[in-house]
Amino acid sequence: MAIKIFIDQGHNPTGHNTGAESFGVKEQDVTYQVGVYLADMLRSNGNFEVRLSRNTPEEVMGTSNSTSLRARVAEANAWPADYFISIHANANVNPDIHGTECYVYKAFTEAYDLAVDILEGIVSRVGTKDNGVRTNPSLYVLRRTTMPAVLVELAYLTNFEDVELLVNEQYAFAEGIYNGIVKYFQKVG
């Protein structure tokens, strides 16, 4: 039976719940495309079934920030997905901050182990700085999903070197996530 993975491309293209923007690059555009690449990779592997939160670049979820988050989680829970991957790009007031990190609800769980492999996959494929796996139980998509959930912060839109990767290496970011997912399931398999 196929493993069901829900890929949430963080943020909306317009209106409410739009993401960070820096150097003329919008988070929601990066997350949309990385999610599409990742879905294609997973679908080409017969072990996975995939659904996306945003099926077109223009798709807007919900009518406010809270209903946008709720809609993403509700779709994953109703399917029901086996795993939830939320893709984001980070921002910081300090332009020197850079790298990749993953967030999970709680340490030393299935989600945590998956996040470790995803982070390692991205860092080894793209060459970003490894900022570790962190817990953040306040994040809605981690708190309200009924399956193991990982929020991936690909890199920082506010760091010039990272933003170049976010623009030019979207396929590589997806490949890094994909490699991490495959490695995780080879271990638990």
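Structure notes:
- All conditions in (1) within 19 Å of Val188 (Cα to Cα); (2) in contact (Cβ under 8 Å) with a residue 40 or more places away in the chain; (3) open to solvent by less than 10 Å² (accessible area, probe 1.4 Å) hold for Ala115, with the sole exception of (2).
Quick grid of which residues meet (1) under 16 Å from Ala91 (Cβ atoms); (2) out of contact with any Gly (no Cβ under 8 Å at 6 or more places or on another chain):
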position: Met1; (1), (2): no, yes
position: Ile7; (1), (2): no, no
position: Thr14; (1), (2): no, yes
position: Ala20; (1), (2): yes, yes
position: Glu27; (1), (2): yes, no
position: Thr56; (1), (2): no, yes
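- Cβ separations smaller than 7 Å between residues 6+ apart or across chains give the following pairs from segment 18-35 residues that are more than 13 Å from Glu164 (Cα to Cα) to residues that are hydroxyl-bearing (Ser, Thr, Tyr) and open to solvent by 50 Å² or more (accessible area, probe 1.4 Å): Gln28/Thr18.
- Single match in Gln9, Gln28 (criterion: closer than 17 Å to Val150 by Cβ and open to solvent by less than 20 Å² (accessible area, probe 1.4 Å)): Gln9
- Among residues of segment 83-111 that are closer than 19 Å to Lys4 by Cβ and open to solvent by less than 60 Å² (accessible area, probe 1.4 Å), those with a Cβ under 8 angstrom from a residue that is assigned to a loop (DSSP other than H, G, I, E, B) and small (Gly, Ala, Ser), sequence gap 6+ or separate chain, pair up as Ser86/Gly10; Ile87/Gly10.
- Some residue of segment 104-123 being polar (S, T, N, Q) and touching a Gly at 6+ places or on another chain (Cβ under 8 Å): no
- Checking each residue in segment 37-67 for being touching a Pro at 6+ places or on another chain (Cβ under 9 Å) and either among the hydrophobic types (A, V, I, L, M, F, W, C) or under 17 Å from Ala78 (Cβ atoms) (or both) picks out Arg54, Val60.
- Extreme residue, nearest to Val116 (Cα to Cα), among residues of segment 72-82 that are touching a residue at least 60 places away in the same chain (Cβ under 8 Å) and surrounded by fewer than 22 Cβ atoms within 10 Å (Cβ to Cβ): Asp82
- Residue match in segment 124-141 (condition: on the phi < 0 side of the Ramachandran plot and in contact (Cβ under 8 Å) with a residue 60 or more places away in the chain): yes
- Residues in segment 98-131 that are over 16 Å from Arg143 (Cβ atoms) and of a type in the set (Lys, Arg): Arg125, Lys129.
The values are calculated or read from the model by the stated rules, or taken from the named source; none is laboratory data. Please read all numbers here as calculations on a predicted model, not as lab measurements. When we count neighbours, we look across all protein chains shown, and the Cβ atoms used for this are built from the backbone with ideal geometry, even at glycine. For accessibility, only protein heavy atoms count, side chains too; no ligands or nucleic acids. Shrake-Rupley method; radii C 1.70, N 1.55, O 1.52, S 1.80 Å.
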